[in-house]
1. Glu120 fails exactly one of the following numbered conditions: (1) more than 14 Å from ligand 1 (Cβ to nearest atom); (2) closer than 16 Å to Asp33 by Cβ. What is the number of that condition?
2. Mind counting the residues in the stretch 1-18 that are surrounded by 16 or more Cβ atoms within 10 Å (Cβ to Cβ), within 15 Å of ligand 1 (Cβ to nearest atom) and assigned to a loop (DSSP other than H, G, I, E, B)?
3. Hey, which of the strands (runs of 3 or more DSSP E) in the stretch 100-214, taking only ones fully inside, have at least 3 residues that are among the β-branched types (Val, Ile, Thr)?
4. Name the residue, out of Asp36, Asp28, Asp73, Asp125, that is touching a residue at least 12 places away in the same chain (Cβ under 8 Å) and within 30 Å of Glu199 (Cα to Cα).
5. Counting only residues that are open to solvent by less than 50 Å² (accessible area, probe 1.4 Å) and of a type in the set (Gly, Ala, Ser), which one in the stretch 190-205 is farthest from ligand 1 (Cβ to nearest atom)?
6. If only one of Ala180, Ala208 is crowded, with 17+ Cβ neighbours inside 10 Å, more than 16 Å from the chain's Cα centre (by Cα), over 23 Å from Asp80 (Cα atoms) and in contact (Cβ under 8 Å) with a residue 60 or more places away in the chain, which one is it?
7. Taking the stretch 151-171, which residues are open to solvent by less than 30 Å² (accessible area, probe 1.4 Å) and either over 14 Å from Arg213 (Cβ atoms) or at pLDDT below 95 (or both)?
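The values are calculated or read from the model by the stated rules, or taken from the named source; none is laboratory data. Everything quoted here is computed from the prediction, not taken from an experiment. For neighbour counting, all protein chains shown are included, and Cβ atoms are generated from backbone atoms with ideal geometry for every residue, glycine included. Remember, those area values only see protein heavy atoms, side chains included, never the ligands or the DNA or RNA. Shrake-Rupley method; radii C 1.70, N 1.55, O 1.52, S 1.80 Å.
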Amino acid sequence: MIEIVPAILVKTPKELKQRVKEVESHVDRIHIDIMDDKFVPNKTIQPEDIDLKTDLMKEAHLMVEDNEKYVEDFINLGFDMLIFHYESCKDIPGIIKKVKERGKKVAIAINPPTPLSAIEGYLDDLDMVLIMSVNPGFSGQGFIPDVRTKIRKLREMKEDLDIEVDGGIKLGTAKIVAKAGANILVSCSGIYGHENKKEAINLLRKEAMMNSRV
Ligand code: DX5
Ligand code: ZN
């Protein structure tokens with residue numbers, strides 16, 4: 001099954017509420033982008049400003065330096081899945097253990113230049129891998145086609161793993177990543193850039209499903 005997940009990159013609680021409302025009845029999960037202006041040159045809404053009431057599954061994509069602090073904050077906020085970056089994490093086994101002990105799901109994200117070999121040793125302990133198809137920091141960037149190879153290789157290594165892709169996913173690129181083996185597709189401008197969010201989500205899902213390798 002292919003899942004389409006709206007990416008929410010906002011600065012204020014009001015925008016967050018609005019963006020959730022716009023997609024709430026069309027998806028099962030939302031992806032909240034969190035940036036600290038250190039790991040990436042942009043700053044989003046911070047945990048202390050988040051007050052989210054929704055039945056959707058909530059994942060936090062942490063693009064931050066201090067993974068320990070943010071992981072703790074988002075567990076306390078009731079998020080279901082924590083995604084941290086390989087490139088900024090100083091104690092990967094420690095973070096995985098902490099998230100699991102608190103009963104939440106855990107995923108590692110890797111930037112376009114980071115090879116799969118960097119995370120190979122952790123695959124059995126993860127609920128998902130996020131392959132970034134842009135360099136994190138901003139929405140609306142162009143999809144980096146080279147990441148196809150990484151997705152394909154990872155799917156060959158792990159038949160049942162959830163493989164999420166984030167960055168530049170819209171009609172035209174959704175089929176590329178689905179064909180390579182991704183099963184969870186994150187999109188911001190590919191959804192929020194359209195007047196009719198429901199239709200944008202359904203079209204993305206249809207394109208991905210028609211080309212899905214899984
Ligand atoms: C990139 C973020 C993405 C971003 C996606 O730094 O992690 O989730 O919001 O935006 P689009 O889909 O517009 O590339
Ligand atoms: Zn993201």
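1. (2)
2. Residues in the stretch 1-18 being surrounded by 16 or more Cβ atoms within 10 Å (Cβ to Cβ), within 15 Å of ligand 1 (Cβ to nearest atom) and assigned to a loop (DSSP other than H, G, I, E, B): 2 in total.
3. Details: elements: 105-110, 128-132, 162-166, 184-187.
By residue number, 105-110.
4. Criteria check complete, one pass: Asp28.
5. Per the criteria, the residue is Ala200.
6. Details: Ala180 fails: in contact (Cβ under 8 Å) with a residue 60 or more places away in the chain.
Just one listed residue meets the conditions, Ala208.
7. So in the stretch 151-171, the residues open to solvent by less than 30 Å² (accessible area, probe 1.4 Å) come out as 151, 154-155, 161, 163-169.
Listed by number, the residues that qualify are Glu164, Asp166, Gly167, Gly168, Ile169.
Residue-wise test of (1) surrounded by fewer than 16 Cβ atoms within 10 Å (Cβ to Cβ); (2) at pLDDT below 95; (3) charged (D, E, K, R).
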site: Val20; (1), (2), (3): no, no, no
site: Lys43; (1), (2), (3): yes, no, yes
site: Leu62; (1), (2), (3): no, no, no
site: Asp66; (1), (2), (3): yes, no, yes
site: Val71; (1), (2), (3): no, no, no
site: Asn76; (1), (2), (3): yes, no, no
site: Met81; (1), (2), (3): no, no, no
